[in-house]
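Below: one structure, written as structure tokens.
Values in this text are rule-based calculations from the coordinates and carry no lab data. None of the values given here were measured: they were computed from a predicted structure. Here Cβ is always computed from backbone atoms with ideal geometry, including for glycine, and neighbour counts include all displayed protein chains.
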Amino acid sequence: MRVEDLKSFGAGDNLIEALRSTGLKELYPPQEEAVKRGLLLENSSFVISAPTASGKTLVAEILALKLFFEQAGKVLYLVPLRALARQKYDDFKMKYERFGIKVMQSTGDYDSGDPWLERAHIIIATNEKVDSLIRHHASWLGDIRLVVADEIHLLGDSHRGPTLEIVLTRLKNMYPHIRFLCLSATIRNARDIAQWLDAQLIESGWRPVPLNEGVYFNGAVIFNDGSIKWIEKASGLEVIDISLDTIRKGGQVLIFVNTRRSAEALAEKASRIIVQELSEKERQILDSLSKEIISLGEPSRLSKRLAESLRGGTAFHHAGLLSEHRRLIEDAFRQNRLRLLVSTTTLAMGLNLPSRCVIIKDWKRYESARGMGPVPVMEIKQMSGRAGRPGYDSHGEAVIIARSRNDERFIVENYIKGEPEAIESQLADESVLRFHLLSSIAGLFTMSENEIRDFLRQTFLGFQRDIENIFKTVERIIKFLIEEGLIIKKSGYLRPTVFGKRVSELYIDPLTGVILRDCLRNPKPKRLISILHMICHTPDMMTLSLKEKDMEEMLDAYYKYEGELLIDPEEYPVETIMSELKTALCLIDWIEERTEDEICSHYGIGPGDLHTLVELAEWLLYSAEEIAKLFNLKTLIKPLSMLRLRISYGVREELLELITLKGIGRIRARNLYKAGFRTRQDIRLSTLKNLADVPGIGPLLAESIKQQVEEGS
């Protein structure tokens, strides 16, 4: 179907012109089927299950353009990751802003209704952010006409699935006029999801670039079409040999491994070999990228390692990297500047990073509850789906590496011939239900146990299972919420207390709210270690795992600080308290201005992990501050606020006046302090030259700082 043909299905001239401006001439088969099934008519919802790169996102764009040009209302585009939100935002803004479409994204600050989004036509947000906006009763939610749920198969993910499920159910329940467009790669029970949402199902196996899936063993790749590719042994490493076969033919390679250490080591090894395949011009571009990596954030061994790998045309990607580094790597790979990228599964979820060849080196991984076991088929299919770049490749290749004949047989039967697992709701978990039930009562969405039953029946969980089977859990949660003063029950009705409402708005687990309240009311002195341990003791905090080398140090810390803790340490396993203390001590090192590299080396984490800890700690300290205000604990409000600022910037207290200046990070702030600039008044009275002479400042930044200080006077 040509773009012009959309006119006969209800598209106006403006819509067609907007699509033409992106270079679109013909629709892909899944897009054409959606149009023929009534996409451009009002009220139809759709679930589209089709391979990666088959054009699912464009279906959402067509419908969004129709709304903007010919009807009214907002489009809400749900994504599971901030990185995916950024990618969609950049893409939509570049393509459609010229037509007057305001594209906005919102992914942080869970204590706001974001009234500024009132001005947007397309809002891109993470599932968690939208859940938070619903809790705050954002005034513009009623203006939404279309909800796009990207990566809908994540309903089956234990971490991200329940929030997505609650958001979709809540929006469907509150605003019956909303249309839903749910997108996913091939899933086994897509019909269930379509029936749950009262949507039409479009299933397609079509790909713009055909995919060959194969297994490598003993020097050869055997593909699902029966063809065999013999791999020359050139490097001593099978995975690099397979990569070289593609790279020497002008393609890019994406390799998936199961650990960060493997990703880093393999990228380094590949770099030393692939650098020989690069032209002088490519080396110059990569050298520039390498320097850019070093300039972003504090220098660290990890960033230097990444920069060195980049010079050879390769990189590694995992959650331990700074988000700025991950973004630069993603963009460089997308722009075909990198030949090879080694990643953990962080890249398997939605990000548009196709390559000619995908190699799955590790199809087993360790899980604490089960030990080493095979990766789910769905994840393998998601990884494999990255193979084949539309417009560049005639076909894509996805290769799984086997290490024995038994492995080879297992891979063929389970991954190449096998179907992905059925998607099952993860909402029944007690901690998950506790979190969402409080929000349901606090937001006055459900006001009795019968209303809770009715709402749960409308969820995907209620579609798949008998809700009565989990209602014992619901009753136990309601009892907990009443006993802890988060809700009250009167004449059969459930109502939030002021405490319960605030905990829900803060987007923290009810148990976190209870721990913060009880610890803050504890008459013990509130020392730095006790406050930081308090937030590390909450279920919302990511705690650092204990390693064998930590045991002696952390046991010493346990005996040193157990008397200062605001909880009773005897009620919890010693290992749990030690893990929490390790996390608290890591945060103390951060605000005592130890370098990121020193902290990461000592605690066995990456800079990305450290920044995640800092972000979580900042939010929990903000929550603690709000709870202190609620319970009139006046003497704690200022110390909590000061500590939150210190955590945010990673500085000692004396730098707080300087650190808030734009362009001044913690290293420059410390340099200013050492040079005698202790206050903004010191800067105001100084000459530009004296300011510029401070290490890391320079003339341009000195002028900016001076201007900021003068304007703030």
At 0.890 mPa s and 25 °C, Stokes diffusion of the chain via Kirkwood alpha-carbon radius, µm² per second: 88
³J(HN,Hα), Karplus 6.51/-1.76/1.60, whole Hz, each residue of the range 234-247, x for Gly, Pro: 10, 10, x, 10, 4, 5, 6, 4, 4, 4, 4, 4, 7, 4
Shape of the range 599-713, Cα gyration tensor, a/c cut at 1.5: oblate
Segments 107-116, 154-163, 51-60 sorted - mean Cβ within 10 Å per residue, highest first: 51-60, 154-163, 107-116
Between the range 408-479 and the range 57-91, the Cα center-to-center distance that results, in Å: 27
Cα-based shape type of the range 510-650, given that a ≥ b ≥ c are square roots of the gyration tensor eigenvalues and the cut on a/c is 1.5: oblate
Charged-residue dipole, Cβ positions (Lys, Arg, Asp, Glu), the range 3-203 about Cα centre, Debye nearest 20: 80
Those residues of the range 86-108 whose amide nitrogen sits under 13 Å from the label point placed on Asn14, 7 Å along Cα→Cβ: 98-102
Virtual spin-label span in nm between Glu552 and Asp597, 7 Å along Cα→Cβ: 2.7
Helical contribution to [θ] at 222 nm, DSSP H n ≥ 4, -39,500 (n - 2.57), averaged over the chain, rounded to 500: -14500 deg cm²/dmol
Computed over the range 531-683: relative contact order in percent, which uses C-alpha pairs under 8 Å that are six or more apart: 21
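Test of understanding: what is the full-extension gain from Arg305 to Val574, defined as 0.36 nm times their sequence separation minus their Cα-Cα distance?
Computed gain between Arg305 and Val574 is 93.2 nm.
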Which of Thr635, Thr344 has the fewest Cβ neighbours within 10 Å, and the rest in rising order: Thr635, Thr344
³J(HN,Hα) computed for each position of the range 139-150 - Karplus, 6.51 cos²θ - 1.76 cosθ + 1.60, integer Hz, glycine/proline x: 5, 8, 4, x, 7, 6, 10, 9, 10, 9, 10, 7
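Gain in length, Ile588 to Ile488, computed as 0.36 nm per residue apart minus the alpha-carbon separation, to one decimal in nm?
On the way: separation 100, 0.36 × 100 = 36.00 nm, distance 3.87 nm.
Full extension from Ile588 to Ile488 adds 32.1 nm.
Of the listed pairs Lys281/Lys304; Lys66/Lys88; Lys93/Lys249; Lys36/Lys249; Lys66/Lys501, which have alpha-carbon separations greater than 29 Å here? Provide the component values of the computation, followed by the final result.
On the way: Lys281/Lys304 22 Å; Lys66/Lys88 18 Å; Lys93/Lys249 34 Å; Lys36/Lys249 40 Å; Lys66/Lys501 38 Å.
From Lys281/Lys304; Lys66/Lys88; Lys93/Lys249; Lys36/Lys249; Lys66/Lys501, over 29 Å: Lys93/Lys249; Lys36/Lys249; Lys66/Lys501.
Would you kindly calculate the mean projected area, averaged across all directions, of the convex hull enclosing the Cα atoms of the range 211-416, in square nanometres?
The number I arrive at for the range 211-416 is 11.5 nm².
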The range 547-618-the range 208-287 distance, computed between alpha-carbon centres (Å): 39
Under 13 Å, Cβ to Cβ, from Glu575 - net charge with Lys/Arg +1 and Asp/Glu -1: -1
Qualifying trypsin sites (Lys or Arg not before Pro) in the range 654-713, DSSP loop, other Cβ atoms within 10 Å at most 16: Lys662, Arg678
J(HN,Hα) series, the range 500-506, from Karplus relation 6.51 cos²θ - 1.76 cosθ + 1.60, nearest Hz, glycine and proline x: x, 5, 5, 4, 5, 5, 6
Two-site label geometry, Glu413 and Glu711: point separation in nm, points 7 Å out along Cα→Cβ: 6.8
Amide H within-cut-off set for Cys182, under 5 Å, with H built and near neighbours excluded: Phe46, Val47, Ile48, Ala149
Calculated SAXS-style log₁₀ I(q)/I(0) at q = 0.07, 0.10, 0.13 Å⁻¹ - the range 3-203, Debye, Cα scatterers: -0.18, -0.38, -0.66
Residue-count net charge about Gly443 - beta-carbon cut-off 11 Å; Lys, Arg +1, Asp, Glu -1: +1
The range 655-712: C-alpha gyration tensor shape, a/c 1.5 cut-off, then a/b vs b/c: rounded
Length added when fully stretched, Ser21-Lys229, from 0.36 nm per residue minus Cα-Cα: 70.8 nm
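Compute the signed sum of charges (Lys and Arg +1, Asp and Glu -1) over the other residues within less than 14 Å, Cβ to Cβ, of Arg684.
For residues surrounding Arg684, the net value is -2.
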Sorted by Cβ density within 10 Å, fewest first, the residues Phe46, Phe9: Phe9, Phe46
Lys/Arg +1, Asp/Glu -1 at C-beta; the chain dipole; positive extreme among Ala422, Ile667, Thr679: Thr679
